[in-house]
């Protein structure tokens, strides 16, 4: 392949080359930005699942996992379930939002150790005491609310003192304000209710049978449902699979269009250069020389488009993440970038094939006569 | 140098099928032998088959019947890519319409056949510069075809035909698109390739001045060799 000739051809029609590259770039932008959401969701879900690793989660029966913050379970259920054999520990959780501080939750601080897949350390201060109007902040929430230990925050019309700041956890709790279970119930108007109940089995391998037992024995009477972390994972995978399928479908359409554009441009280029291709064959180019030259042009356009598209994707994804602001971020992983580029390059190769074959098979005499 | 046939055409027939039943005979059993170092002009009226003959000699087309030997090798049944190699290594082409690649400079155009032969850019460009100097285009090496006159473009084409150092140069109406002065310069250049470099030159032409300079003139009419003339005055050099 002759790089000087390749460059000369691409520069011959700058506008046309530029427009084709733009078409490819838009294709890759679509694939990568959609893909970055899928990747972001996967990472987010994995972080969330780190909490519940090996645990059983009990929520209101008619609530699905994505609507978990609307779940309400009678607090008395905790005592009932605690008697089930094989349960090591059990605790209620309250979570919700308040207009003043955003994410707001209540936990039983004596039971934080239940979360084996996850460690929570205080960066400074201490945890709230039972009965006191005190909160501890995730590091992001502290930044967002511009609050430190000793400051007070208005929550639900009452004044709470910040007594501690957590280290970074890498989950949405970084952006949360947390207090004791009772105080959170009070502020969120959930007296006698919790958002969910978390159960730690004595033996992790028994989690499934315990969850089934809860569903059979208490499911309908208490209007609750129990799931293991595997259930949550399956649900999350279903969600990300759907997202991936959509990304693939939309990406395929975009790539298909890009492929058609490339093919059209390459057919046009071959048609315009019939005479030159004939001359090259007359002076000794083999069919393979011509095939490689045209394929190289198609691939060069695709590659340039892919690089431009990736740069554009980084900018767009950063822009969107700026908007989202919160714990969820779209992520362009190296594998996503590589796979999208490889996919587009394959499309470019396919699109270049037919024009390249046509060019390579031109009869030199007919081509030279062509004006 | 010992005489040997660089071209041997045996009973060459070329038929074109036009539609279902109509067959046109472009060449009807042509026998020609050309020796190394000869300067041969092929002359004939329009439609006589001389261009078809040139294409077959130049391995751009295959005969319907008959055999073509180039330097003793039968090329009449060769495949596309084998013919491409013969064109690249054994033959040099000069066309009426110059046929340069418009996106390439003069030097890049000249280097092209050498690049197809797998020679690196540096070496091919160095050789192309030498040849452009020889054809008097030292100051036009970086120019593209549209920045050159017709005569200059034809000189570039001649330099290109020489790049792989073939023994045979085939020229199809090389002065056809040129004014008298430029045409004359090209005629002299081709003649010097024959006289000074010992190249075998086969030229298809209407240009009488060009034809007169040839050692031998082959007149083609209706796809057959009508007659041959040898130049009496010129002493064969080799």
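Just so it is clear, none of the values below were taken in a lab; they were calculated from the coordinates. What you are looking at is a predicted structure, and each value in this text was computed from that prediction instead of being measured. All Cβ positions, glycine included, derive from the backbone under ideal geometry; neighbour counts span all protein chains shown.
Label-to-label distance for residue A:84 and residue B:143 is 9.2 nm, based on points extended 7 Å past Cα in the beta-carbon direction. If I take every Cα pair under 8 Å that is 6 or more residues apart in region A:62-222, average their sequence separation and divide by the length, what percent do I get for the relative contact order? Computed value for region A:62-222: 33 percent relative contact order.
Take the alpha carbon gyration tensor of chain B, find the square roots of its eigenvalues, order them as a ≥ b ≥ c, and report rounded if a/c is under 1.5; if not, report prolate when a/b exceeds b/c, else oblate. Prolate.
Across chain A, the relative contact order, built from alpha-carbon pairs under 8 Å that are at least six residues apart, equals 29 percent.
Against the main long axis of the alpha-carbon atoms of chain B, helix B:106-116 sits at an angle near 60°. For chain B, the share of DSSP beta bridges that are antiparallel, to the nearest 5, is 60%.
Where both bridge residues fall in the protein assembly as shown, DSSP classifies roughly 70% of the beta bridges as antiparallel. Look at the stretch B:157-168: the mean tally of other chain Cβ atoms within 10 Å of its residues' Cβ atoms is 1. Rounded if a/c is under 1.5, else prolate if a/b is larger than b/c, else oblate: which is region B:137-182, with a ≥ b ≥ c the root eigenvalues of its Cα gyration tensor? Cα axes put region B:137-182 in the oblate bin.
If R0 is 41 Å, the Cβ-Cβ spacing of residue A:320 and residue A:369 corresponds to a FRET efficiency of close to 0.15. Distance between the 7 Å Cα→Cβ label points at residue B:221 and residue A:215: 10.1 nm.
Shape class for the protein assembly as shown: prolate, because the ratio a/c of the largest to smallest gyration tensor axis (alpha-carbon atoms, square roots of eigenvalues) is 1.5 or more and a/b beats b/c. The angle separating the long axis of helix A:3-12 from the principal Cα axis of greatest extent in chain A is about 90 degrees. Take every DSSP beta bridge whose two residues both sit in region A:62-222; close to 75 percent of them are antiparallel. The angle between the Cα long axis of helix B:180-197 and the longest principal axis of the Cα atoms of chain B comes to about 80 degrees, rounded to the nearest 10.
Protection proxy ranking, highest mean first, for peptides A:21-32, A:73-84, B:10-21: A:21-32, A:73-84, B:10-21, where packing is the per-residue count of other beta-carbon atoms within 10 Å, averaged. Our helix-only sum for chain A, with -39,500 (n - 2.57) per DSSP H run of n ≥ 4 divided by its residues, gives a mean residue ellipticity at 222 nm of -19000 deg cm²/dmol. Tell me the mean residue ellipticity at 222 nm calculated for chain B from its helices only (DSSP H runs of n ≥ 4, each -39500 (n - 2.57), averaged over every residue, nearest 500). Theoretical 222 nm ellipticity from helices: -10500 deg cm²/dmol. Within 10 Å of the Cβ of each residue in A:357-368, the mean number of Cβ atoms contributed by other protein chains is 3.
Averaged over the residues of B:93-103, the number of partner chain Cβ atoms lying within 10 Å of the residue Cβ comes to 5. Ordering A:149-162, A:292-305, A:351-364 by mean Cβ neighbour count within 10 Å, with the highest value first, yields A:292-305, A:351-364, A:149-162. For the listed peptides B:219-230, B:153-164, a ranking on the average number of other beta carbons within 10 Å per residue, highest first, reads B:153-164, B:219-230.
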